[in-house]
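Report on the following structure.
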Amino acid sequence: MIKFDRFQLSNGLKVIVHKDKTTPILAFNLLYNVGAKDENPNKTGFAHLFEHLMFGGSANIPSYDEPLQKVGGSNNAFTSNDITNYYITLPKENIETAFWLESDRMLKLAFTQKSLDVQRNVVIEEFKQRYLNQPYGDIMLLLRPIAYKKHPYKWATIGKEISHIENANMNDVKSFFYSHYAPNNAILSIAGDIETSVVKKLAEKWFLPIEKRDVEIRNLEQEPKQTEARSLSVKKDVPFDVIVKTYHMCSRTDKDYYATDLLSDILSNGKSSRFNQILVKQKRLFSSVDAHIMGSIDNGLFLIEGTLMKGIKMKDAEKAINEELNKLLKEKIDEYELNKVKNKVISRLIFSQVSPLNKAMSLSFYELIGNAENINNEAGNYQKVTINQIQKVANNVLSPTNCSSIYYYSGN
């Protein structure tokens with residue numbers, strides 16, 4: 001059970017405090033309710049670009065990292081299609097440094113042309129190295145627009161294309177910042193050996209002077225039900241053929257989320273999973289094959305990715321995957337198999353709650369998607385999943401007409 005206190009400032013900033021006396025290190029996590037799905041379709045990659053720009057100096061602090069390093073702190077950030085998350089770990093005696101740094105860049109970035117030019121070039125190089133010049137790096141760039149036709153999940157966090165970042169100007173950057181980076185669009189979560197009264201005092205000192213902003217109202221196009229199979233074949237300079245099959249699934253807050261997650265684990269979590277036992281070990285069609293879910297806040301994707309052994313034909317590999325999926329549609333799994341994957345998931349959840357940083361991140365995220373209290377319900381939600389639920393979800397999700405596939409052929 002993770003206990004916490006919660007309060008909200010008059011400018012809309014939500015604050016969560018979890019006291020953990022077992023560690024002298026504090027975790028300071030600031031989540032902004034903005035991700036790639038909030039971008040203009042003709043100006044994508046901005047949420048990720050901002051993750052970088054936020055380290056380029058703010059109104060009163062020209063260097064973000066230097067003062068943090070002086071007090072023994074470290075920091076990082078990540079962007080997804082749903083959120084942008086910034087985090088700091090530092091000794092509890094120096095917690096005010098985190099409030100000072102994060103409040104100043106929430107107040108106002110430096111907005112210098114030099115910072116924009118530098119960070120834009122960094123993102124462009126990342127786009128090239130991780131997505132264009134790395135083997136299989138472009139799979140999600142290719143897959144998303146096949147699977148999604150309306151919802152902005154149809155582009156990756158890095159953006160649709162490099163030109164969108166290359167053409168980003170200062171007006172675009174300022175507009176995105178003031179439309180999304182605001183106290184009334186953020187959740188601050190702190191975990192460690194600290195009193196709520198201290199956090200409240202510091203939050204009021206550093207964040208309360210920042211006024212509410214007119215956050216852009218989210219009005220996303222909903223993805224219609226997919227009614228026919230879609231596919232794309234590509235040939236690239238890669239060592240092995242790869243198949244990727246993806247299916248639309250429910251949102252992160254849907255009651256079927258937990259059953260869908262366990263369904264993916266039944267297929268590929270561990271050496272005793274179905275895919276590994278049958279497709280890798282017995283039939284020797286794949287060197288590896290994995291099933292996982294995206295965990296998106298809106299309706300997400302259930303993915304199956306397999307790397308074919310040399311000499312195996314794509315149609316034979318896909319047929320074998322489909323045979324395993326059909327077993328799930330027709331035959332109920334047994335109690336032992338379900339309990340095995342439940343135990344793995346619940347163990348992972350328990351271990352993840354040891355770290356103050358993980359707890360701070362999770363508290364922010366659960367608050368965003370409904371209620372921070374739900375952090376304590378996750379294990380129970382997985383435990384409640386029944387065999388009938390697994391089969392129901394399998395039939396709803398793993399339909400051939402709900403599938404988008406990429407056949408990624410090696411060029412040699």
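The values are calculated or read from the model by the stated rules, or taken from the named source; none is laboratory data. This is a predicted model, so every value here is computed, not measured. Cβ atoms come from the backbone with ideal geometry, glycine included; neighbour counts cover every protein chain shown.
In the stretch 121-146, how many residues are buried (at least 20 other Cβ atoms within 10 Å of the Cβ) and more than 17 Å from Lys245 (Cα to Cα)?
Of the residues in that region, 2 qualify.
Can you tell me which of (1) over 24 Å from Val198 (Cβ atoms); (2) in contact (Cβ under 8 Å) with a residue 40 or more places away in the chain; (3) small (Gly, Ala, Ser) is the one Ser10 doesn't meet?
For Ser10, the exception is condition (1).
Looking at the stretch 224-247, is at least one residue of a type in the set (Lys, Arg) and buried (at least 21 other Cβ atoms within 10 Å of the Cβ)?
yes
Given the condition under 20 Å from Asp214 (Cβ atoms) and of a type outside the set (A, V, I, L, M, F, W, C), answer yes or no: does some residue in the stretch 45-61 qualify?
no
Surrounded by fewer than 21 Cβ atoms within 10 Å (Cβ to Cβ), closer than 30 Å to Lys37 by Cα, of a type in the set (Ser, Thr, Tyr) and in the same structural domain as Tyr366 (by TED's automatic domain parsing), is that true of Thr253? Give the derivation first.
Details: surrounded by fewer than 21 Cβ atoms within 10 Å (Cβ to Cβ): yes; closer than 30 Å to Lys37 by Cα: yes; of a type in the set (Ser, Thr, Tyr): yes; in the same structural domain as Tyr366 (by TED's automatic domain parsing): yes.
Criteria met by Thr253.
In the stretch 348-377, which residues are at pLDDT 95 or above, surrounded by fewer than 21 Cβ atoms within 10 Å (Cβ to Cβ) and either among the charged types (D, E, K, R) or not assigned by TED's automatic domain parsing to the domain that holds Asn269 (or both)?
Glu373
Answer with yes or no whether Ile312 is modelled with pLDDT of 95 or more, over 30 Å from Lys150 (Cβ atoms), among the β-branched types (Val, Ile, Thr) and part of a loop (DSSP other than H, G, I, E, B). Write out each step before concluding.
Numbers: modelled with pLDDT of 95 or more: yes; over 30 Å from Lys150 (Cβ atoms): yes; among the β-branched types (Val, Ile, Thr): yes; part of a loop (DSSP other than H, G, I, E, B): yes.
When the stated conditions are applied, Ile312 passes them.
For (1) modelled with pLDDT of 95 or more; (2) loosely packed, with under 15 Cβ neighbours inside 10 Å; (3) under 30 Å from Asn60 (Cβ atoms); (4) hydrophobic (A, V, I, L, M, F, W, C), each residue gets a yes or a no:
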position	(1), (2), (3), (4)
Tyr153	yes, no, no, no
Phe176	no, no, yes, yes
Pro183	yes, no, yes, no
Ser197	yes, yes, yes, no
Ala203	yes, no, yes, yes
Trp206	yes, no, yes, yes
Glu211	yes, yes, yes, no
Gln222	no, yes, no, no
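Can you name the number of the only condition in (1) in a helix (DSSP H, G or I); (2) more than 19 Å from Asn219 (Cα to Cα); (3) among the small types (Gly, Ala, Ser) that Ser175 fails?
Checking Ser175 against (1) in a helix (DSSP H, G or I); (2) more than 19 Å from Asn219 (Cα to Cα); (3) among the small types (Gly, Ala, Ser), the one that fails is (2).
Which members of the stretch 33-49 meet the condition of being of a type outside the set (D, E, K, R) and touching a helix residue (DSSP H, G or I) at 6+ places or on another chain (Cβ under 6 Å)?
Asn33, Val34, Gly35, Ala36, Thr44, Gly45, Phe46, Ala47, Leu49
Out of Ser233, Ser296, I need the residue that is over 30 Å from Asn339 (Cα atoms), in contact (Cβ under 8 Å) with a residue 40 or more places away in the chain and out of contact with any His (no Cβ under 9 Å at 6 or more places or on another chain). Which one?
Ser233
Only one of (1) within 20 Å of Ser231 (Cβ to Cβ); (2) without any contact (Cβ under 8 Å) to a residue 40 or more places away in the chain; (3) surrounded by fewer than 20 Cβ atoms within 10 Å (Cβ to Cβ) is not met by Lys149, so which one is it?
For Lys149, the failing item is (2).
Among the candidates Ile333, Ile266, which residue alone is of a type in the set (Val, Ile, Thr), assigned to a helix (DSSP H, G or I) and within 30 Å of Asn377 (Cα to Cα)?
Ile266
Among the numbered criteria (1) more than 26 Å from Gln119 (Cα to Cα); (2) in contact (Cβ under 8 Å) with a residue 24 or more places away in the chain; (3) not assigned by TED's automatic domain parsing to the domain that holds Asn85, which one does Ala191 miss?
Failing condition for Ala191: (3).
Somewhere in the stretch 229-252, is a residue of a type in the set (A, V, I, L, M, F, W, C), in contact with a Leu (Cβ under 8 Å, 6 or more places away or on another chain) and within 27 Å of Gly370 (Cβ to Cβ)? I'd like the intermediate steps shown before the answer.
At the first step, the residues of the stretch 229-252 found to be of a type in the set (A, V, I, L, M, F, W, C) are 229, 232, 234, 238, 240, 242-244, 249-250.
Filter again for in contact with a Leu (Cβ under 8 Å, 6 or more places away or on another chain), leaving 232, 234, 240, 242-244, 249.
Filter once more, so that each one left must be within 27 Å of Gly370 (Cβ to Cβ): 249.
Among the residues of the stretch 229-252, at least one is of a type in the set (A, V, I, L, M, F, W, C), in contact with a Leu (Cβ under 8 Å, 6 or more places away or on another chain) and within 27 Å of Gly370 (Cβ to Cβ), which makes the answer yes.
May I ask you to verify whether Ile162 is under 28 Å from Met361 (Cα atoms) and surrounded by 14 or more Cβ atoms within 10 Å (Cβ to Cβ)?
no
May I ask you to list the residues in the stretch 9-29 that are under 14 Å from Leu363 (Cβ atoms) and either modelled with pLDDT of 95 or more or of a type in the set (Lys, Arg) (or both)?
Once the filter is applied, which keeps residues that are under 14 Å from Leu363 (Cβ atoms) and either modelled with pLDDT of 95 or more or of a type in the set (Lys, Arg) (or both), the stretch 9-29 yields Lys14, Val15, Ile16, Val17, His18, Lys19, Leu26, Ala27, Phe28, Asn29.
Which strands (runs of 3 or more DSSP E) does the stretch 1-95 wholly contain that include 3 or more residues that are at positive phi and under 16 Å from the mean Cα position of the chain (by Cα)?
Values: elements: 5-8, 14-19, 25-32, 74-79, 84-91.
Answer list for the stretch 1-95: none.
Can you spot a residue in the stretch 63-74 that is polar (S, T, N, Q), assigned by TED's automatic domain parsing to the domain that holds Phe176, over 18 Å from Leu202 (Cα atoms) and touching a Leu at 6+ places or on another chain (Cβ under 9 Å)?
yes
Could you please find all residues in the stretch 118-149 being of a type outside the set (A, V, I, L, M), within 30 Å of Leu220 (Cα to Cα) and out of contact with any Gly (no Cβ under 8 Å at 6 or more places or on another chain)? Write out each step before concluding.
Narrowing the stretch 118-149 to residues of a type outside the set (A, V, I, L, M): 119-121, 125-131, 133-138, 144-145, 148-149.
Still in the running and within 30 Å of Leu220 (Cα to Cα): 119-121, 125-128, 130-131, 136-138, 144-145, 148-149.
Selection gives Arg120, Asn121, Glu125, Glu126, Lys128, Tyr136, Gly137, Asp138, Arg144, Pro145, Tyr148, Lys149.
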